[in-house]
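Contents: one structure, followed by commentary.
The values are calculated or read from the model by the stated rules, or taken from the named source; none is laboratory data. These numbers were taken from a predicted model, which means no experiment stands behind them. Ideal geometry is used to build each Cβ from the backbone, glycine not excepted, and the neighbour counts take in all protein chains shown. Note: accessible area is taken over every heavy atom of the protein model, side chains too, but ligands, DNA and RNA are not part of it. Shrake-Rupley method; radii C 1.70, N 1.55, O 1.52, S 1.80 Å.
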Amino acid sequence: MASLPVSQRAIVVEDVGGPEVMQYRLDYPIPTPKEGQVLVKNSIAGINYIDTYFRTGLYPSPKPEVLGREATGTIVLFGPNTDTHGLRVGDRVVWLGTGGYAEYTTVSVEKIIKLPVGISDEEATAAFLSGLTGLALTHEAYTVKAGDWVLLHAAAGGAGFLMTQILKKIGAKVIGTAGGPQKVALVKGLGADHVLDYRSPEGKDWPQIVRQITQGRGVDVVFDSVGKDTWEGSLEAVKRKGTVVWFGNASGPVPSLPLSLLSAKCIKVARPTLLGYMHTREEFEFYAQKLFSLILQENLQINIHKTYSLAAVQEAHSDLESRTTIGKLLLTLLHDDGL
């Protein structure tokens, strides 16, 4: 630690609220890795919708805190008595954890993996959390099979962009929802079979359109990261004995759900979290390597909306919450912001 600076640039949240509660700090202490941890010097951090949930208090978390659930960078130091899993100081890595909006982060050695040659830091960060989410949801929350009808909300978003491709590689028939002609065209370009513009006059009755597309049957599964605005329609659009997977709250949380709403069609509901599917090192490595293979060997497209400086994080969150972005938002930690 002697060769490290004393302090670092970081974004600190001391109280819940809007983007304005994120403070750009130049004097934030650099953490010391404990047993089972790795200190990483970050290069690119991912911005995900879940970050806004912790910022606003929708998901309670201790404050003050540094947001950010993923980043790429290089290993600087291992904590004492830590199983390195074959990693070394200087390795270029990508990780899941907390505290990514900072130059240095301590992360669990169980949730960090070496990046293969051929995947850039930007590509890895843009794909990692969203791609792992897409793989886990389509393999475990509901095991998608070739020929299944799938309704995917927010299909042009950070997770939806990758999930659309993952679903088509499995062989599913995909109905995506998106807001506006540009997003609709993007999702169609990814291979979705049907794309519904929920902002258009005809698209407002998307549950009925889904029923028509599936000849009155409904879809086998709905993957819904929107929440409050779509939950009723998702239950309407799913088939008898179908499954609805809620994995986000972009419009607000799903209200308390009377179980009686599920009985008429024998609907199954899942509300998973990513780390619940990647609790062990083996599970984490399995999905990470599967994602790397999709990028390197199966041409998984990665769409980066914009890369922001660390000091511009408030702008980035405002852009994300406007629901006008397409693809992934990133923060660069590679240069001084000039403040």
(message) Could you check the range 323-339 and list, in sequence order, the residues that are among the hydroxyl-bearing types (Ser, Thr, Tyr) and either closer than 30 Å to residue 8 by Cα or crowded, with 20+ Cβ neighbours inside 10 Å (or both)?
(response) 325, 332
(message) Kindly evaluate residue 193 against the criterion of being free of Cβ contacts under 8 Å to residues at least 60 places away in the same chain, open to solvent by 10 Å² or more (accessible area, probe 1.4 Å), touching a helix residue (DSSP H, G or I) at 6+ places or on another chain (Cβ under 6 Å) and on the phi < 0 side of the Ramachandran plot.
(response) no
(request) Check the range 209-230 and report whether any residue there is over 21 Å from residue 303 (Cβ atoms), at pLDDT 95 or above, assigned to a helix (DSSP H, G or I) and of a type in the set (Asp, Glu). (result) no
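Please tell me if residue 140 is in contact with a Lys or Arg (Cβ under 6 Å, 6 or more places away or on another chain), in contact (Cβ under 8 Å) with a residue 40 or more places away in the chain and not hydrophobic (A, V, I, L, M, F, W, C).
No.
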(request) Can you give me the ranges of the strands (runs of 3 or more DSSP E) entirely in the range 63-179 with at least 3 residues that are modelled with pLDDT of 95 or more and open to solvent by 10 Å² or more (accessible area, probe 1.4 Å)? (result) 70-78, 104-108
(request) Kindly provide the set of residues from the range 263-301 that are under 18 Å from the mean Cα position of the chain (by Cα), open to solvent by 40 Å² or more (accessible area, probe 1.4 Å) and more than 17 Å from residue 96 (Cβ to Cβ), ordered by number. (result) 271, 301
(request) Name, by its number, the condition in (1) touching a strand residue (DSSP E or B) at 6+ places or on another chain (Cβ under 6 Å); (2) open to solvent by less than 10 Å² (accessible area, probe 1.4 Å) that does not hold for residue 227. (result) (1)
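Kindly indicate whether any position in the range 242-256 is without any contact (Cβ under 8 Å) to a residue 24 or more places away in the chain, open to solvent by 40 Å² or more (accessible area, probe 1.4 Å) and over 21 Å from residue 164 (Cα atoms).
Yes, the range 242-256 contains a residue that is without any contact (Cβ under 8 Å) to a residue 24 or more places away in the chain, open to solvent by 40 Å² or more (accessible area, probe 1.4 Å) and over 21 Å from residue 164 (Cα atoms).
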(message) Quick check on my filter: what residues within the range 2-36 are more than 17 Å from residue 333 (Cβ to Cβ), open to solvent by 50 Å² or more (accessible area, probe 1.4 Å), in contact (Cβ under 8 Å) with a residue 40 or more places away in the chain and not acidic (Asp, Glu)?
(response) 16, 32, 34
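Only one residue in 305, 317 is open to solvent by 60 Å² or more (accessible area, probe 1.4 Å) and either of a type in the set (Asp, Glu) or in contact with a strand residue (DSSP E or B) (Cβ under 8 Å, 6 or more places away or on another chain) (or both), so which one is that?
Working: 317 fails: open to solvent by 60 Å² or more (accessible area, probe 1.4 Å).
Criteria check complete, one pass: 305.
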